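Written below as structure tokens is the structure these notes are about.
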Amino acid sequence: MSNPATPAPTASDAPLLETVGLSKSFGPVEVLKDIGFDVRAGEVHAIIGENGAGKSTLMKLLAGHLQPSRGELRIDGETVALTGPVDAEQRGIVLVHQEILLAPDLTVAQNVYLGREIGNGLTVDDRAMNEGARKAVRDLGADIDPKAVVGRLSIARRQLVQIARVLLVPHRVVIFDEPTASLTPIETEALLKVIADIRAKGAAVLYISHRLQEVKEIADRVTVLRDGKLVATRQAADLQPLDMAKLMVGRDVAKLYPDHQAPADRETILEVEDFSVPFYARNASFKLGKGEILGFAGLVGAGRTELMEGIVGLRPGRGTIRLNGEPVRFPNVDASLKAGIVYLSEDRKGKGLLLAKDLGTNLTLAALGRFVRGLQIDRDREAAALDKAIGEFDIRTGRKDLLAGQLSGGNQQKLLLAKMMMLDPGIVIIDEPTRGIDIGTKEQIYKFIVKLAGEGRSVIVVSSEMPELIGICDRILVMRSGSIVGEVTGDEMSEDKIVVLATGVKTQEAA
Amino acid sequence: MTDLAADKPRARRSWRNIDLTAVAPFVALALLLVLGAFANSNFLSIDNLLNVITRSAFIAIIAVGATFVISSGGLDLSVGSMVAFVASLTIMFMNSGVIASPAMMLAAGVALALLIGAACGLANGLITTMGRIEPFIATLGTMGIFRGLTTWLSQGGAITLRSSEIQTLYRPAYFGTVLGVPVPIIVIFVIAAIGAFVLYRTRYGRHVLAVGSNEDVARYSGIPVDRVRTITYVIQGLCVAVACLLYIPRLGSTSATTGLMWELQAITAVVVGGTALRGGVGWIWGTICGAFILEIVGNIMLLSNFVSEYLLGAIQGAIIIIAMLVQRSLARR
Amino acid sequence: MTDLAADKPRARRSWRNIDLTAVAPFVALALLLVLGAFANSNFLSIDNLLNVITRSAFIAIIAVGATFVISSGGLDLSVGSMVAFVASLTIMFMNSGVIASPAMMLAAGVALALLIGAACGLANGLITTMGRIEPFIATLGTMGIFRGLTTWLSQGGAITLRSSEIQTLYRPAYFGTVLGVPVPIIVIFVIAAIGAFVLYRTRYGRHVLAVGSNEDVARYSGIPVDRVRTITYVIQGLCVAVACLLYIPRLGSTSATTGLMWELQAITAVVVGGTALRGGVGWIWGTICGAFILEIVGNIMLLSNFVSEYLLGAIQGAIIIIAMLVQRSLARR
Amino acid sequence: EDKKVTIGVSIPAADHGWTAGVVYHAERVAKLMMEEHPGLNVIVKTSPDAASQANAVQDLAVQGIDALVILPSDPDPLVNAIKEVKNKGAFVTLVDRAPSNNDNSVRDLYVAGNNTALGAVAGQYIKDNTPDAQVVVIRGLPIPIDQQRQDGFDKAIEGSNVKVLEKQFGNWNRDDAFKVMQDYLTKYPKIDVVWCQDDDMAVGVLQAIEQAKRTDIQYVIAGAGSKDMIKKVMDGDKMIPVDVLYPPAMIGTAMELTAANFYDQVPVRGSFILDATLVTKENAKEFYFPDSPF
Ligand SMILES: Nc1ncnc2c1ncn2[C@@H]1O[C@H](COP(=O)(O)OP(=O)(O)OP(=O)(O)O)[C@@H](O)[C@H]1O
Ligand SMILES: Nc1ncnc2c1ncn2[C@@H]1O[C@H](COP(=O)(O)OP(=O)(O)OP(=O)(O)O)[C@@H](O)[C@H]1O
Ligand SMILES: [Mg+2]
Ligand SMILES: [Mg+2]
């Protein structure tokens, strides 16, 4: 990389980037208060905190996407006022967003080089850019056709494209805002290698993640935010994941996964037989018992999301579905919702919430029928439901009149969960339930899933995080390239076993 | 209850972000009224104002329907020719004499107009949703179809309501007054009130806004997106029919040029009223205000005597742009 | 690695989704040619085809500009009246006699037309971008302004090119041929080729598509969104000017009705050609094909004997819808 | 004479050559009349379509008028609006376009060109000069006056050998007429005469014929009397041997007559129908106004 200064690969003492009394308010609400911390060349500095603690906001301030309300930002000891993301990029500060920011109609290569196309003055050199993009993506351990249109890629692939795009900019500080949230272990591993590489070349990395194990592995220092305030900055070596969790949440997080007894003999409630979703899933068959928590594991692109979307009628699919023994057909989601099956999309911004509408509107959207009195929507009842949901799901929001898009990522997930639970479903399919969710909230969501099962509802959890599948599921099905390739239950449930099935490659340990 | 506290900030916020968008068209209207008063002393006379508001009825009523279509993310360019088509068929039916009693005939004609309007709207809705054709193009196509059929029905001439009994009976629908208020003005406000109720208070209205805001989210929430969209076009068709029912007693006759360009006026009224063309929000009362603005601009042009008649179109265009600029600068904090 | 298997289905899918969208208009065109051959034996004669393609030149050229505007997420409803405005000013200049030599005068006129076109486009661009007014409304406003000014310039009548020397000199620009190919056809293809080059091969073209696809992303990527958008309108204005330069030698005169409704035709051509109105993609060659389709539909109607003259508009509307349905059903796997 | 009189004049917007002529003459005559009668105020308003013309009439009434001179863009839809003004006591002069019910409940004075005659004169000329002609027709817009012209034409050639090959709409627009003519030329190998009903459209027709280099077409008959076409007749252009007059200046006639009702004690109620004169090389000079926009 073309880093202007290439200090020794060890962390130097002079801070590259420093904040003093940095604060940010949205309207009357101050979401960041007096943040003072620093980033040194050649270090990986992790930022952790609960959902809504202000991590993304802080990063946006550093990368010029937002302007601070108070306080200052110093680069190489010099106070600067960033005018925008482009200004920050020119100073070598680049940001991989938490949300995916790509132009959906353009190809991978076009996105990767957007705004800094290769070419002579006038024309662009597509061949060179395709090559460059292919290489950049391959460096991240993925193989994506550079000519593919981004809008048709899965979220994980888009995330990789976005990372590739940012890493092509000459950089001194790279900020990753939950880069691994939508990645599976294999891609995550590749990304962690890339990060180590960046550090080795002398640049600094700011790394946000809710996967504390990952933080422990990669970070040199850890800064913890809580409620917009900086709680502590420590050497990573001095902290265990549970310590981090404690600093974040402000209390002990003893046990992440709740106890949960699988009922002995379950009656089958949902039976899927030979179900195919064209281009994505082939001949899937499985049964779901009453009160069961069934996991779906697999690598990114295994077709789990599409299979579930096919089942609930969001995509055209073929095959037999039996509900309580009766064959049913779901030509659209409306039908499956009426049958008591809800599906929570992994893409909460694109498919889960109306970002430009308020919380109440979002909460009641799917179950609006319950809030109608006469012809009218009963707004009092709607407001009461919002209060209840905010309490029950612990949605952290300064004010109730925010728009859904102004909630932090994790709180959006909780709102989505609350929204779909309004339907009082018998079967819940949750796709990536804890993507981008802090550890404290995770604990709550797991508890909630187990509670659902305890109430006699059935839950399907699609997740790329194997520990959570193992932690809460009664049974895990593994998908590879669109097919269900195996099942692990009881004591067999281990990451190794799942990885073997998911990749089709025997790992050394397993062999 | 627990909401008392929450209600306050909501009010404040909405005052900042939302209400100014909603208020802006009314400010523009007020400015125009002042301008008009300078242009001609008769402008602010009750007679003139009632005249202007009365005749904005066609566009205002159609634009209420357009607010639904637009806020669900659609567009309907066919409304102008739909007016011609629906009104022509209705007049032809009333001329046909299949029912002897004029009153019964009139009632049947009204029902027929509503039915045809709804059917035309349904056709638009199905073509855009089932056919997956961009609304712009689908309704451009039906615009040609409706107008073509009208031309064919009229064989290039005019279609005129013949029965003088029906005419006499029907006349008050446009020219009558209730407590001094012309009937069309009452109709405008009734239609707008119904529209506002449906859009803001009912489940269907919520669904319309959700679909316009993000189609995927709506679909994943189990909202029957295509049905919701289709119904917006049916509502638009019904509004067109109501406009026709006022149009027939006023002009008593249609031809191939009836309603020419009204679609653009209706859309302009909606947008001047603060509704964004990309969908997701809809301001029924703003729309009504937008329709008044358009009509008043024309009225001022006519009453004032300093504008060359050749420049009328140019000035109208300029005023629309200025009205939008006023609105934007207000809405932008 | 794990993805090798995954790449195959994707390749298949993109072949289906992308190429068919691009191919669909050509399929529709081919179907129309077959239909035309049945309608009248003269239809496929070289003379007729050259006639039709030649007269599609105005819409085709304007639609190339519209492809830029639309794929950047904008819309320009003012192009029709811009044609009238630019052509009128140009003729008036040529009539003014300020330059003695006809050839010089012609050259100056051409330069002036391009200049005015670009200026009109710039005005549109600035109003939409700086004024933050929806393009639909902004250009509806300028549509009124341009047409109003034209009416005023012509005092409602026609503006006719008077100098017969210039006329003789200029005539071949529309009626001339090069190796048997009419000049306007050559101009269509040259403009389309330039347009395709700019849109697909240059940095600016890339930015146009990025802005249309997602404005925020473009902004974060350091693309000057407003400037890119404004320039699309300038390109549109230049295309309008080129169309005017072909228009003037054809009839040698303009009036207040010149270019009426051309904006709708241009937009229809763009959409029939496969470009989506929401922006982000643009098919220049599809647009050209769309313009041919529109003109050929009219031509077939006239050459065939089964359609009543009153129903022409209806059938045209229906054919546009059918063409779109064909396109969608091809594009949808 | 210091009698204060206000005359409102409502005419269609200048959207093609003929209406432009109407606007021109209305303005011209208004100025002359106001010079002649100091107490007279003439307000001229143009409107693009029937509905807005109904509004314009209302707006004129609001300003207080003693007489309304109206050339309706589409007569039937305007009847109600006109009646309203008349019922308020204003003197109403209807120009050119008659509603289906054209009696003194609608107007006091009717001044018109003769649309039926415009068609009939053209038909008659074709019948007389080229008795076996194959004719193509380009109509205007699908509105009643167009229908009247067509009916007159059809009536005139009834029973003769003149054969109408086809009728299509050219929307009183040069470009559309050009296209329609091009297609006619493709479709019919032999065309003797073109009747295109309006001078504006003739411009497009002539260009299309010239471009196709067809020699079978003997002549084109247009109508209205625009300065360009009258000039061609005057110059003996073989393609335009005659023109059928339908003068936009009739609006001026109507305004003068209306003023006469107030200032001259002469009866002006009733119908005044102007001839659809056939303009030939001999009489063309009388109808040539080089300053008019039309
Ligand atoms: N534009 C905005 N307007 C108002 N409040 C906002 C806005 N953006 C963010 N917030 C609020 O600021 C707080 C911090 O949000 P931020 O996105 O920085 O959290 P985070 O730490 O990144 O959380 P997560 O882990 O869920 O991503 C939240 O309470 C959020 O609701
Ligand atoms: N845009 C696309 N076009 C064609 N095929 C695709 C596309 N996106 C994904 N696929 C293929 O579809 C299958 C499943 O995709 P997807 O990544 O959504 O699965 P998933 O198991 O839900 O993954 P995730 O963990 O991201 O939810 C894979 O075979 C993948 O290659
Ligand atoms: Mg965040
Ligand atoms: Mg998935």
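Within the stretch A:204-233, residues that are more than 12 Å from A:K55 (Cβ to Cβ) reach partners that are among the acidic types (D, E) and away from ligand 1 (no atom under 12 Å from the Cβ) with beta carbons closer than 6 Å, at six or more positions or on different chains, in the pairs A:A204/A:E43; A:D220/A:E43. Pairs please, first residue from the stretch A:92-114 and on the phi > 0 side of the Ramachandran plot, second anywhere and in a loop (DSSP other than H, G, I, E, B), Cβ atoms under 7 Å, 6+ apart in sequence or on different chains. What qualifies is A:G92/A:P170; A:G92/A:H171; A:G92/A:R172. Residues in the stretch A:350-367 that are under 12 Å from A:G405 (Cα atoms), open to solvent by less than 10 Å² (accessible area, probe 1.4 Å) and within 7 Å of chain B (Cβ to nearest Cβ): A:G352, A:L353, A:L354.
For A:Y280, indicate whether it is in contact with a helix residue (DSSP H, G or I) (Cβ under 9 Å, 6 or more places away or on another chain) and more than 16 Å from ligand 2 (Cβ to nearest atom). For A:Y280, the condition - in contact with a helix residue (DSSP H, G or I) (Cβ under 9 Å, 6 or more places away or on another chain) and more than 16 Å from ligand 2 (Cβ to nearest atom) - is not met. The single residue among A:L192, A:L114 that is facing another protein chain (nearest Cβ under 9 Å) and either modelled with pLDDT under 90 or more than 16 Å from ligand 2 (Cβ to nearest atom) (or both) turns out to be A:L114. Among the residues of the stretch B:170-215, the ones that are within 14 Å of chain A (Cβ to nearest Cβ) and of a type in the set (A, V, I, L, M, F, W, C) come to 10 in all. Hey, can you tell me all the residues within the stretch A:408-427 that are more than 16 Å from ligand 4 (Cβ to nearest atom), open to solvent by less than 10 Å² (accessible area, probe 1.4 Å) and modelled with pLDDT of 85 or more? Listed by number, the residues that qualify are A:N411, A:Q412, A:K414, A:L415, A:L417, A:A418, A:K419, A:M420, A:P425, A:I427. When the stretch A:26-42 is limited to residues that are within 9 Å of ligand 1 (Cβ to nearest atom) and within 14 Å of chain B (Cβ to nearest Cβ), the one that is nearest to A:V173 (Cα to Cα) turns out to be A:F26. For the stretch A:394-415, how many residues are within 16 Å of ligand 3 (Cβ to nearest atom), more than 10 Å from chain B (Cβ to nearest Cβ) and of a type outside the set (K, R)? Adding up the residues that qualify gives 12.
Within the stretch A:43-53, restricting attention to residues that are outside any strand (DSSP E or B) and at pLDDT below 90, the residue that is farthest from ligand 1 (Cβ to nearest atom) is A:E50.
Scanning the stretch D:102-132 for residues being buried (at least 21 other Cβ atoms within 10 Å of the Cβ), more than 15 Å from the chain's Cα centre (by Cα) and hydrophobic (A, V, I, L, M, F, W, C) gives a total of 2. Filtered by the rule that a residue be of a type in the set (S, T, Y) and in contact (Cβ under 8 Å) with a residue 60 or more places away in the chain, the stretch B:32-89 gives B:T54, B:S56, B:T67, B:S71, B:S72, B:S78, B:S81, B:S88. Looking only at residues in the stretch B:16-50 that are modelled with pLDDT under 85 and within 11 Å of another protein chain (Cβ to nearest Cβ), the one that is surrounded by the most Cβ atoms within 10 Å (Cβ to Cβ) is B:N40. When B:F93 is tested against (1) in contact with a Gly (Cβ under 6 Å, 6 or more places away or on another chain); (2) outside any helix (DSSP H, G or I), exactly one condition is not met: (2). Note on the stretch C:237-265: residues that are out of contact with any Pro (no Cβ under 7 Å at 6 or more places or on another chain) and part of a helix (DSSP H, G or I) amount to 18.
Within the stretch A:267-277, can one find any residue that is open to solvent by less than 10 Å² (accessible area, probe 1.4 Å), under 30 Å from A:D34 (Cβ atoms), assigned to a strand (DSSP E or B) and away from ligand 2 (no atom under 16 Å from the Cβ)? Scanning the stretch A:267-277 turns up no residue that is open to solvent by less than 10 Å² (accessible area, probe 1.4 Å), under 30 Å from A:D34 (Cβ atoms), assigned to a strand (DSSP E or B) and away from ligand 2 (no atom under 16 Å from the Cβ).
Per-residue answers, yes or no, for (1) open to solvent by less than 30 Å² (accessible area, probe 1.4 Å); (2) within 30 Å of A:N111 (Cα to Cα):
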{"position": "C:A107", "(1), (2)": "no, no"}
{"position": "C:G117", "(1), (2)": "yes, no"}
{"position": "C:G121", "(1), (2)": "yes, yes"}
{"position": "C:I137", "(1), (2)": "yes, no"}
{"position": "C:F175", "(1), (2)": "no, no"}
{"position": "C:A196", "(1), (2)": "yes, yes"}
{"position": "C:R201", "(1), (2)": "no, yes"}
{"position": "C:G212", "(1), (2)": "yes, yes"}
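For the structure I just gave you, tell me whether A:L386 is buried (at least 22 other Cβ atoms within 10 Å of the Cβ) and in contact (Cβ under 8 Å) with a residue 24 or more places away in the chain. Yes: the conditions hold for A:L386.
Yes/no per residue for (1) more than 9 Å from every other protein chain (Cβ to nearest Cβ); (2) modelled with pLDDT under 85; (3) open to solvent by less than 10 Å² (accessible area, probe 1.4 Å); (4) over 30 Å from D:L141 (Cα atoms):
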residue	(1), (2), (3), (4)
B:T268	no, no, yes, no
B:G273	yes, no, yes, yes
B:G280	no, no, yes, yes
B:W285	yes, no, no, yes
B:E295	no, no, no, no
B:F306	yes, yes, no, yes
B:G317	no, no, yes, no
B:V326	yes, yes, no, yes
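Considering the stretch D:1-101, the qualifying helices (runs of 4 or more DSSP H), each wholly inside and each with 1 or more residues that are under 25 Å from B:S81 (Cβ atoms), within 14 Å of chain C (Cβ to nearest Cβ) and under 14 Å from the mean Cα position of the chain (by Cα), run over D:17-36.
If you go through the stretch B:146-169 one residue at a time, do you hit one that is away from chain C (no Cβ under 11 Å), surrounded by fewer than 19 Cβ atoms within 10 Å (Cβ to Cβ) and within 15 Å of B:Y247 (Cβ to Cβ)? The answer is yes; a qualifying residue exists.
All conditions in (1) surrounded by fewer than 24 Cβ atoms within 10 Å (Cβ to Cβ); (2) over 13 Å from the mean Cα position of the chain (by Cα); (3) within 14 Å of chain D (Cβ to nearest Cβ) hold for B:L246, with the sole exception of (2). In the stretch D:166-180, the qualifying residues are those that are assigned to a loop (DSSP other than H, G, I, E, B) and free of Cβ contacts under 8 Å to residues at least 40 places away in the same chain, and the one that is farthest from C:V307 (Cα to Cα) is D:N171.
The values are calculated or read from the model by the stated rules, or taken from the named source; none is laboratory data. Just so it is clear, the model here is predicted, and its values are computed rather than measured. Positions of Cβ are generated from backbone atoms using ideal geometry, with glycine treated the same way; all protein chains shown enter the neighbour counts. With ligands, DNA and RNA removed, areas are computed over all heavy atoms of the protein, side chains included. Shrake-Rupley method; radii C 1.70, N 1.55, O 1.52, S 1.80 Å.
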